[in-house]
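One structure is given here, and the rest of the page talks about it.
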Amino acid sequence: MKKLWAGRFLEASSELLERFNASLPFDKALYFEDIKGSKAHAKMLAKQEIITAKECEEILAGLEKVLGEIEQGEFVFKIADEDIHMAIEARLTELVGASGKKLHTARSRNDQVAVDFRMFVLRKNEEIRAQILELMETILEIASKHTATLMPGMTHLQHAQPVSFGFHMNAYACMFKRDVERLEDSHKRHNYCPLGSAALAGTPYPTDREFLAKELGFLAPTLNAMDSVSDRDFALDLLYDIAMVMMHISRLAEEMVLWSSYEFKFITLSDAYSTGSSIMPQKKNPDVPELLRGKSGRVYGNLLSLLTVMKGLPLAYNKDTQEDKEGVMDSVETAQISLAILKEALKSATINAKAMEEACKRGHLTATDLADFLVRSCEVPFREAHHITGQVVAYAESKGKDISELSEAEILGIDSRIKAGVKEVLSLKNSMNARNSLGGTSSAQTKAQIKTLHAWLKKRLK
Ligand code: ARG
């Protein structure tokens with residue numbers, strides 16, 4: 001079979017070249033965008049009287065048929081066609097004959113792949129955003145139920161101060177909110193149509209790029225043809241945006257691994273989202289959060305790969321760019337399944353409020369509150385307050401208790417400067433609610449954060 005570009009070639013391609021050169025095995029995922037782009041191009045050619053209305057109709061009907069064949073699984077993908085663009089054009093010409101051969105007028109595969117891949121990336125950007133919004137809804141649902149659930153807030157993975165579990169979950173909602181905003185920014189930045197740039201320099205035909213942009217749902221055409229066919233920033237932005245999402249997912253996943261361990265027992269993962277051990281019958285393993293944590297590796301790799309591919313390329317199109325697709329498709333797939341399973345794993349997990357509260361009784365979490373009380377209510381300078389608090393901690397340790405468990409009488413006996421009412425201050429709940437500064441962990445502030453996040457979500461969910 002003669003290739004579409006083989007006019008000047010005397011010998012057939014080697015089988016090895018075909019396997020090396022072809023992108024069809026992976027760029028067939030662009031079939032939908034390729035057909036959409038070709039339909040718009042055909043309409044533009046007819047509108048500009050570059051082809052006739054009849055030819056356009058034949059092309060459109062043929063493309064519709066090709067689309068059906070692909071979606072029904074009837075389309076025969078032949079490696080010799082090299083890529084999805086030529087595979088579809090070849091089939092179209094088989095189906096409709098002469099008019100099919102006119103579709104590629106005033107177009108090159110360079111602007112064709114640029115528009116196809118950009119539309120694919122923008123579509124995936126939207127899908128991923130929608131999934132993050134759903135995940136945020138789940139997180140906020142959990143947070144709403146736990147605005148008063150005590151857990152040890154940590155720094156250095158050491159008990160620091162009591163916080164509410166809802167407050168802790170809100171922190172993740174804030175990260176995912178930024179991820180959505182980052183994707184929105186990328187979408188806006190790249191929502192311009194490269195089709196009509198042709199090979200690198202534009203085209204002598206009287207085309208209408210404004211029409212193409214509008215027809216394909218872009219804001220406007222891109223500005224410079226040379227940039228348009230060589231630019232892959234849109235793909236890199238998506239790769240970076242996904243790397244950030246996966247980094248956030250990995251941090252939450254790490255906490256889920258810790259929380260579901262015997263040492264913490266803060267959550268219990270549902271059986272549906274846990275796995276067993278092949279040798280230890282008693283085990284229930286957090287494979288889902290572990291894999292979520294591990295998946296960040298490949299998406300960081302995909303970002304770095306494409307940055308490296310692009311860094312030394314002279315203008316304009318180079319075949320190196322064909323290496324842009326697999327990494328993006330892998331990152332997209334990874335992000336989409338990760339977002340879906342994280343949402344389900346969270347939804348189905350049991351939150352063990354009792355265990356979280358018990359954990360708050362280890363580590364003297366309210367020591368700062370005691371020092372603050374001595375300064376504010378007992379007129380003790382901070383350095384001395386720090387010292388007295390240390391003595392109270394030492395006393396509690398000697399009794400095998402947490403300072404929040406000492407009685408008022410016990411505390412008053414430690415230093416004469418400590419005033420009555422101190423017990424109140426040492427309570428875990430009071431300590432948490434005392435942190436009522438804007439953005440703090442008190443139940444009131446936690447609820448206010450949820451309200452703000454909900455309002456933000458509402459603007460985006462239809
Ligand atoms: N399969 C190619 C790619 O993905 C399409 C563009 C080919 N253009 C060319 N001049 N060889 O980049």
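Name the shape class, rounded, prolate or oblate, that the alpha-carbon gyration tensor gives for the range 1-83, where a ≥ b ≥ c are the square roots of its eigenvalues, rounded holds for a/c under 1.5, and otherwise prolate holds if a/b is larger than b/c and oblate otherwise. Since a/c reaches 1.5 but b/c is at least a/b, the shape of the range 1-83 is classed as oblate. Close amide H contacts of V163 (hydrogens built in the peptide plane, cut-off under 5 Å, sequence separation of 5 or more or a different chain): M151, G153. For the range 191-200, 3J(HN,Hα) computed residue by residue from phi via the Karplus equation (6.51, -1.76, 1.60; θ = phi - 60°) reads 7, 10, 9, x, 5, x, 6, 6, 5, 5 Hz, glycine and proline entered as x. Assuming charge only on the beta carbon of Lys and Arg (+1) and of Asp and Glu (-1), the dipole of the chain about its Cα centre is about 880 debye to the nearest 20.
Among the trypsin sites (Lys or Arg not before Pro) in the range 268-327, those placed in a DSSP loop whose Cβ has at most 10 other Cβ atoms within 10 Å are K311. Charge tally around N170: other residues with Cβ under 11 Å, Lys/Arg +1 each, Asp/Glu -1 each, net +3. Helix-only mean residue ellipticity at 222 nm, the chain, DSSP H runs n ≥ 4 weighted -39,500 (n - 2.57), per residue, nearest 500. What is it? Theoretical 222 nm ellipticity from helices: -19500 deg cm²/dmol.
Under the criterion of Cα pairs below 8 Å and six or more residues apart, the relative contact order for the chain equals 16 percent. Per-residue extension of 0.36 nm, minus the Cα-Cα distance of E57 and A148, leaves a gain of 26.3 nm for this segment. Specify whether the C-alpha gyration tensor of the range 343-451 places it in the rounded, prolate or oblate class, a ≥ b ≥ c being the square roots of the eigenvalues: rounded for a/c under 1.5, otherwise prolate if a/b is larger than b/c and oblate if not. Because a/c hits 1.5 or more and a/b fails to exceed b/c, the range 343-451 counts as oblate. Each residue of the range 93-108 was assigned a 3J(HN,Hα) from its phi angle through the Karplus expression (A = 6.51, B = -1.76, C = 1.60, θ = phi - 60°), giving 5, 4, 6, 10, x, 3, 5, x, 6, 8, 4, 7, 4, 6, 8, 10 Hz with x at Gly and Pro. When the inverse distances between all different Cα atoms of the range 255-306 are averaged and flipped, the Kirkwood radius reads 12.5 angstrom. Each residue of the range 27-41 is assigned a 3J(HN,Hα), and the resulting list reads 7, 5, 5, 8, 4, 5, 5, 5, 5, 4, x, 5, 4, 4, 5 Hz, derived from the Karplus form 6.51 cos²θ - 1.76 cosθ + 1.60 (θ = phi - 60°), x at Gly and Pro. Ordering S14, S431 by the number of other Cβ atoms within 10 Å of each residue's own Cβ, fewest first, gives S14, S431.
When Rg and Dmax are taken over the Cα atoms of the chain, they come to 30.6, 102 Å.
Just so you know, all these numbers are worked out from the coordinates, no wet-lab data involved. The model shown is predicted, which means the values in this text are computed figures rather than measured ones. For neighbour counting, all protein chains shown are included, and Cβ atoms are generated from backbone atoms with ideal geometry for every residue, glycine included.
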